[in-house]
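Working notes, structure below.
The values are calculated or read from the model by the stated rules, or taken from the named source; none is laboratory data. What you see is a predicted model, and the numbers here were worked out from it, not measured in a lab. Quick reminder, even Gly has a Cβ in these numbers, built from the backbone with ideal geometry, and neighbours come from all protein chains shown. These accessible areas exclude ligands, DNA and RNA; they are computed on the full protein's heavy atoms, side chains included. Shrake-Rupley method; radii C 1.70, N 1.55, O 1.52, S 1.80 Å.
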Amino acid sequence: MCGIVGYIGKEEAAPILLDGLEKLEYRGYDSAGIAVYNGTDIKITKTKGRLKFLAEATNEGLSMPGTLGIGHTRWATHGAPSDINSHPHANESGTIAVVHNGIIENYLFLKDYLMKKGYNFVSDTDTEVVAHLLDHYVKKYGEILEAVVHLMNRVEGSYALGIIVKENPDEIIAVRKDSPLIVGLSPEGNFIASDIPAILKYTRDIYLLEDREIVRLSRDGVTVYDVFKEPIIKEITHIDWDITAAEKGGYEHFMFKEILEQPKALKDTISPRIHNGEVVIEEMKMTDEEIKNLKKIYIVACGSAYHAGAVGKYVIEDMARIPVEIDIASEFRYRNPIFEKDSLAIIISQSGETADTLAALREAKKNGVKTLAIVNVVGSSIARDADNVLYTWAGPEIAVATTKAYSTQVSALYLIGLLFAKKRGTIEDSLYKETVKELVSLPDKVASLLKDFDKIQNFAAKKQNAKDIFFLGRGVDYATALEGSLKLKEISYIHSEAYAAGELKHGTISLIEEGTLVVSLATQENLFNKMLSNIKEVRTRGAVIMAIALEGNTEIEKEADFVLYVPKVLGNLAPSLSVIPLQLFSYYIAVGKGCDVDKPRNLAKSVTVE
Ligand code: F6R
């Protein structure tokens, strides 16, 4: 949600800022802006719409000379996308410029306070109060660091801020609370950014900032302070993954590239945790005793990560026989859940920065519940706050719609389910061994599904004018249906809903009419006949059926208009395979409709506001 970048060094800042913003555009893309100090003044250019308009307005940055600057790409929360509401925001005299990610919750109160003091506001944003409040405190206390400390005491909400001040022409000040921010270090200059890819071209040495840390960046150094303005010694994190991992590499869309990367992402996530046919999760600090005593698991996440959790609920309950309660993070954090002794909260997040998920993790910890995070972004807030972290090694995921991160989240849950089942003695040894073996074979099976796209592409081409598409499944197929439906609606804008197949007739079946497409997942052998009955029910009412079934199942062809087969696999592991054709189906529909697949309207990759 919103991307921040800042640079101070020997090079021209504006082209570096534009380059960094391009890497961050997935975080928000309804407007963008940069502020550069040109040796005399702070110059600001900001434009509504995609980054390319800002690049045009600044002649690729060349019309904004200067070696110190900050930039922002926005996902609007307060005030519609417009030039005026875009960041950076400045004080009235234009001597302080600010970029902000997060929400200042008490901005109306602060705005009122500042207006009474004579400050004039030009935008509808919450961020503008930061520029004016800093102005107020700089005048009062005489220097920016002190002003920032006072600002932190006054503002409520979440923020990552990049600040430049005309009177301090050799520094950038930055601070974070509940919004991600990193610092990049290099001999050519220093950087701030919301995410690593923005600066990876320039440096691999970074500081991961903690909440309430303040940074002062100069051309040749970086100092980090606590809220008392005491310097803090920070450890440098060296990033060893390659920038090409975060680039399109010749593909038309990141989403397609990321779909194709799933075999590798799965292998990287699963293989290091299998030793001689046994699941070994070295990062897991829970003792065998703690695992045996587990009475309950809460799985908490948002969006697709929640859908991965839905697979986890079925699988963990089935294999490890522990009751699993699954919750949407924004509900969990406020619903006053009953926290039981000997329970575990599994928190799932690709970005590791989702505001509601982070808050849910903290809520669980506050109530004495052990936490285990399944996270993709190394060093992210959720990874740092959790008691245990199981990283999904999907690599950087740039497309807003998740594919490879989702798949690795599901595989991480299989690992946890198997480990817990083994330790608790709830799985027969032969089934355990077979499941581990099949888990290890998933990357190859997924790869086999990524060889031939024509059939899906042709079918998708026929369905791109659909008004509504329903997804049905039972058991883990229902969990996959949820994910398939979300994938479709978020990138193609076709209305879609997912139902547990037995539930449709309790109301929603009235929406089925002649020609309505119903995507029916039928990979669960023990539930196949039930599923077939549900397919017949909708077919009788005119539905067209696209089915996903296991290879060798010919029965399904009698009831489905179009069948996509996935390799035979144990029922619990089927979601890893059946989601692949669903991702491709959504992708091709969206491409066919001319949608912006990687940056769907109204969305952002990392939801750092609640
Ligand atoms: C959908 C999608 C979102 C995310 C959700 C959680 O394709 O990507 O639904 O799954 O916003 O994000 P993370 O996993 O970063 O917490």
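Observations
- Computed helical MRE - 222 nm, the chain, DSSP H runs ≥ 4 contributing -39500 (n - 2.57), nearest 500: -11000 deg cm²/dmol
- Net length available on complete extension from Ile84 to Glu428 is 117.4 nm, with 0.36 nm assigned per residue and the Cα-Cα distance removed.
- Surrounding net charge for Ala447, when Lys and Arg each add one and Asp and Glu each subtract one, Cβ distance under 14 Å: +1
- Across region 306-317, computed HN-Hα scalar couplings (Karplus, 6.51 cos²θ - 1.76 cosθ + 1.60, θ = phi - 60°) run 5, 5, 4, x, 5, 4, x, 4, 4, 6, 5, 4 Hz from first to last residue, x flagging Gly and Pro.
- Förster-model FRET efficiency, 56 Å R0, Lys341 and Ser533, C-beta, rounded to 0.05: 0.85
- Between 0 and 90 degrees, the angle of helix 404-424 with respect to the longest Cα principal axis of the chain falls at about 60 degrees.
- The magnitude of the dipole of region 174-331, with charges of +1 and -1 set on the Cβ of Lys/Arg and Asp/Glu and taken from the Cα centre, is near 180 debye.
- Test item: Cα-centred dipole of the chain, Lys/Arg +1 and Asp/Glu -1 on Cβ, debye: 800 debye
- When both bridge partners sit in region 256-403, DSSP labels roughly 10% of those beta bridges antiparallel.
- The chain: angle of helix 528-540 to the longest principal axis, Cα-based, in degrees nearest 10: 80 degrees
- Cross-link table Lys437/Lys505; Lys433/Lys487; Lys530/Lys599; Lys404/Lys505; Lys296/Lys404, entries beyond 31 Å C-alpha to C-alpha: Lys437/Lys505; Lys433/Lys487; Lys530/Lys599; Lys404/Lys505
- Bridge type composition, the chain - antiparallel percent by DSSP, nearest 5: 60 percent
- Whole-Hz couplings from phi, Karplus 6.51/-1.76/1.60, listed for region 502-514; x for Gly and Pro: x, 8, 4, 6, 8, x, 5, 4, 5, 7, 6, 9, 3
- Ranking of Arg335, Arg601, Arg424 by solvent-accessible surface, largest first: Arg601, Arg335, Arg424 (1.4 Å probe, protein heavy atoms only, all chains present).
- Flagged links, alpha-carbon separation over 29 Å, of Lys257/Lys366; Lys267/Lys422; Lys489/Lys536: Lys257/Lys366
- Potential extension, Leu450-Glu143 segment - 0.36 nm per residue separation minus Cα distance: 104.7 nm
- Residue-by-residue Karplus 3J(HN,Hα) for region 374-385, coefficients 6.51, -1.76, 1.60, Hz, glycine and proline x: 9, 9, 9, 8, 5, x, 6, 4, 5, 4, 6, 7
- Positive minus negative residues near Met284 (Lys, Arg vs Asp, Glu; Cβ under 15 Å): 0
- Near the amide H of Val389, within less than 5 Å, lie the amide hydrogens of Ala373, all on another chain or at least 5 residues away, with H placed in the peptide plane.
- Trypsin sites (Lys or Arg not before Pro) restricted to DSSP loop in region 110-139 with at most 14 other C-beta within 10 Å: Lys117
- Extension gain, Gln464-Ala245: 0.36 nm per intervening residue step, less the Cα-Cα distance, totals 75.8 nm.
- Unit charges on C-beta of K, R, D, E only; dipole of region 266-451, Debye: 80 debye
- Taking other residues whose beta carbon is less than 14 angstrom from the beta carbon of Thr523, and scoring Lys, Arg as +1 and Asp, Glu as -1, yields -2.
- Within a straight-line Cα-Cα reach of under 15 Å, Lys558 can be paired with the following aspartates and glutamates, leaving aside sequence neighbours fewer than 8 residues apart in one chain: Glu537.
- Using alpha-carbon coordinates, inclination of helix 476-492 to the longest axis of the chain, degrees: 50 degrees
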